[in-house]
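S.K.: Quick one: this structure, given as structure tokens, is what I'll be asking you about.
The values are calculated or read from the model by the stated rules, or taken from the named source; none is laboratory data. Keep in mind it's a predicted model, so treat the numbers as computed, not measured. Every residue, glycine among them, receives a Cβ derived from its backbone with ideal geometry; neighbour counts consider all protein chains shown.
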Amino acid sequence: MKPPPFGYRAPATVTEALDALAAEPSGKVLAGGQSLIPLLNMRLAAPAELVDINRVAELDTLHVRDEGVRAGALARLARVERSAEAAAVQPLLGQALRHVAHPVIRNRGTVVGSLAHADPAAELPAVLAVLGGTVEAASARGRRTIRAAEFFRGPMEPALEPGELAVSAFFPASPPRTGTAFTETARRHGDYALAGVAAVVTLDEDLRVSAARAGYLGIAATPLVLDLTGAAGPHGDWRAAAAHVRERIDPETDIHAGAGYRRHLTGVLTERAFKSAAAEALRRAG
Ligand code: FAD
């Protein structure tokens, strides 16, 4: 299908992009286009104008510091996936990115675009949520930082106001003796997952579990974060944690899977991911 008619602007700077968005508040930002273009072609979106940020060089950044990884709005998924520096500071990013779509889509799609799309079945929103990351938004009115817990309001509903551009996303580094793992189940590799989990385990100096957090995708309208520290206990009873998760969640039935299957699957994935994250935490502690 063909998209409906739209105006097109291709600014060269952030200031120009913000001016364009302020002039046409019902305009949409075009980043990698891997979600927006299909939506236009299926006529599920009909913005008056596209503000294409692909020429805004100042957004094409990936800053890796001890405190975390900051991806500018033009950092492609593949660039972050392949960054050894980013993996050293926050390995969960690369672990999750391998599951996002296919390499050709990751070559073009952006980290920030994936967050701004706010699909509850997407991997990166769950990663940002479980890590307690943030999104930096800018508009002609100024800048603000939005915490992940407030950023995902509903399916495809990011907390971005008309005229706002998400300029970067920040994924905090994990504390010492922390291990991470990501696992999901999709009908075919590269498809959106039926359910998935990002697991983060931190050990104390005596190698007991001091924190266990899970970020889920595919089982709620927004990424779901559960603190499993109490359920797993100090020695990491991941089977008990998985049983706790099955009781806590309320997944829906859709054309891809029933609620009962999703609940069972989420438990299996939880146990699997936490075993792997705990082993990684132990390795890092030693
Ligand atoms: P775009 O498509 O350009 O934009 C997406 C939305 O975000 C639009 O509403 C746009 O206006 C907005 N937006 C983008 N950037 C900004 C910004 N800086 N500020 C404000 N708003 C912004 N995704 C997954 O997570 N997991 C999958 O398994 C997966 N499988 C896929 C399979 C296929 C076959 C395809 C075509 C896509 C798949 N996707 C999947 C979706 C895709 O990978 C991401 O949603 C996409 O890459 C988002 O980034 P983008 O830069 O392409 O965003």
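S.K.: Let me spell it out: the conditions are (1) in contact (Cβ under 8 Å) with a residue 60 or more places away in the chain; (2) more than 30 Å from PRO47 (Cα to Cα), and ARG208 meets all of them except one. Which number is the exception?
M.R.: (1)
S.K.: Sort out which residues of the stretch 64-94 are surrounded by fewer than 18 Cβ atoms within 10 Å (Cβ to Cβ) and charged (D, E, K, R), and write them in order of number.
M.R.: If the condition is that a residue be surrounded by fewer than 18 Cβ atoms within 10 Å (Cβ to Cβ) and charged (D, E, K, R), then ARG65, ASP66, GLU67, ARG82, GLU85 are the ones that fit.
S.K.: To continue, here is another question. Could you tell me whether ALA116 is away from the ligand (no atom under 11 Å from the Cβ), within 24 Å of LEU36 (Cα to Cα), among the hydrophobic types (A, V, I, L, M, F, W, C) and outside any strand (DSSP E or B)? Working first, answer last.
M.R.: Working: away from the ligand (no atom under 11 Å from the Cβ): no; within 24 Å of LEU36 (Cα to Cα): yes; among the hydrophobic types (A, V, I, L, M, F, W, C): yes; outside any strand (DSSP E or B): yes.
No, not satisfied.
S.K.: Filter the stretch 53-89 for residues that are outside any helix (DSSP H, G or I), touching a Pro at 6+ places or on another chain (Cβ under 9 Å), at negative phi and more than 9 Å from the ligand (Cβ to nearest atom) and give the result.
M.R.: Those that are outside any helix (DSSP H, G or I), touching a Pro at 6+ places or on another chain (Cβ under 9 Å), at negative phi and more than 9 Å from the ligand (Cβ to nearest atom): ARG55, VAL56, GLU67, VAL69.
S.K.: Got a sec? Which of ALA31, ALA48 is more than 12 Å from the ligand (Cβ to nearest atom) and in contact with a strand residue (DSSP E or B) (Cβ under 7 Å, 6 or more places away or on another chain)?
M.R.: Details: ALA31 fails: more than 12 Å from the ligand (Cβ to nearest atom).
One residue alone meets the criteria, ALA48.
S.K.: Continuing with the same structure: In the stretch 95-117, what residues are within 11 Å of ALA166 (Cβ to Cβ) and surrounded by 22 or more Cβ atoms within 10 Å (Cβ to Cβ)? Working first, answer last.
M.R.: Let us first name the residues in the stretch 95-117 that are within 11 Å of ALA166 (Cβ to Cβ), namely 110-117.
Hits for the stretch 95-117 are THR110, VAL111, VAL112, GLY113, SER114, LEU115, ALA116.
S.K.: Separate question: Regarding ALA166, is this residue assigned by TED's automatic domain parsing to the domain that holds GLY132 and either over 17 Å from the mean Cα position of the chain (by Cα) or within 16 Å of the ligand (Cβ to nearest atom) (or both)? Before the answer, list the steps.
M.R.: Details: assigned by TED's automatic domain parsing to the domain that holds GLY132: yes; either over 17 Å from the mean Cα position of the chain (by Cα) or within 16 Å of the ligand (Cβ to nearest atom) (or both): yes.
Criteria met by ALA166.
S.K.: Which of the residues spanning the stretch 201-243 are in a loop (DSSP other than H, G, I, E, B) and among the basic types (Lys, Arg)? Outline the logic, then answer.
M.R.: So in the stretch 201-243, the residues in a loop (DSSP other than H, G, I, E, B) come out as 204-208, 218-223, 228, 233-237.
Scanning the stretch 201-243 gives a single hit, ARG208.
S.K.: Go through the stretch 244-286 and count every residue that is among the hydrophobic types (A, V, I, L, M, F, W, C) and either loosely packed, with under 15 Cβ neighbours inside 10 Å or not in a helix (DSSP H, G or I) (or both). Spell out how you get there, then give the answer.
M.R.: Initially, the stretch 244-286 is screened for residues among the hydrophobic types (A, V, I, L, M, F, W, C), giving 245, 249, 255, 257, 259, 265, 268-269, 273-274, 277-279, 281-282, 285.
This time we only want the ones that are either loosely packed, with under 15 Cβ neighbours inside 10 Å or not in a helix (DSSP H, G or I) (or both), so: 249, 255, 257, 259, 279.
Count: 5.
S.K.: Same structure, new question: Which residue out of ALA212, ALA193, ALA198, ALA173 is closer than 19 Å to VAL130 by Cα, of a type in the set (A, V, I, L, M), in contact with a Gly (Cβ under 9 Å, 6 or more places away or on another chain) and modelled with pLDDT under 95?
M.R.: Numbers: ALA212 fails: modelled with pLDDT under 95; ALA198 fails: modelled with pLDDT under 95; ALA173 fails: modelled with pLDDT under 95.
Result of the check over ALA212, ALA193, ALA198, ALA173: ALA193.
S.K.: Inspect all residues belonging to the stretch 140-161 and state whether any of them is more than 8 Å from the ligand (Cβ to nearest atom), at positive phi and in contact with a strand residue (DSSP E or B) (Cβ under 9 Å, 6 or more places away or on another chain).
M.R.: Looking through the stretch 140-161, none of the residues is more than 8 Å from the ligand (Cβ to nearest atom), at positive phi and in contact with a strand residue (DSSP E or B) (Cβ under 9 Å, 6 or more places away or on another chain).
S.K.: A further question follows. For the stretch 153-207, which residues satisfy the criterion of being over 18 Å from LYS28 (Cα atoms), aliphatic (A, V, I, L, M) and surrounded by fewer than 22 Cβ atoms within 10 Å (Cβ to Cβ)?
M.R.: ALA173, ALA186, LEU207
S.K.: Moving to a separate point now. Go over the candidates LEU44, LEU39 one by one and state the one that is in a helix (DSSP H, G or I) and either of a type in the set (S, T, N, Q) or without any contact (Cβ under 8 Å) to a residue 24 or more places away in the chain (or both). Walk me through it before giving the result.
M.R.: Working: LEU44 fails: in a helix (DSSP H, G or I).
LEU39 is the lone residue from the list that is in a helix (DSSP H, G or I) and either of a type in the set (S, T, N, Q) or without any contact (Cβ under 8 Å) to a residue 24 or more places away in the chain (or both).
S.K.: Take the stretch 41-56 and flag every residue that is surrounded by 14 or more Cβ atoms within 10 Å (Cβ to Cβ) and of a type in the set (D, E, K, R). Show your work before the answer.
M.R.: First, pick out the residues of the stretch 41-56 that are surrounded by 14 or more Cβ atoms within 10 Å (Cβ to Cβ): 45, 47, 49-56.
Matches in the stretch 41-56: GLU49, ASP52, ARG55.
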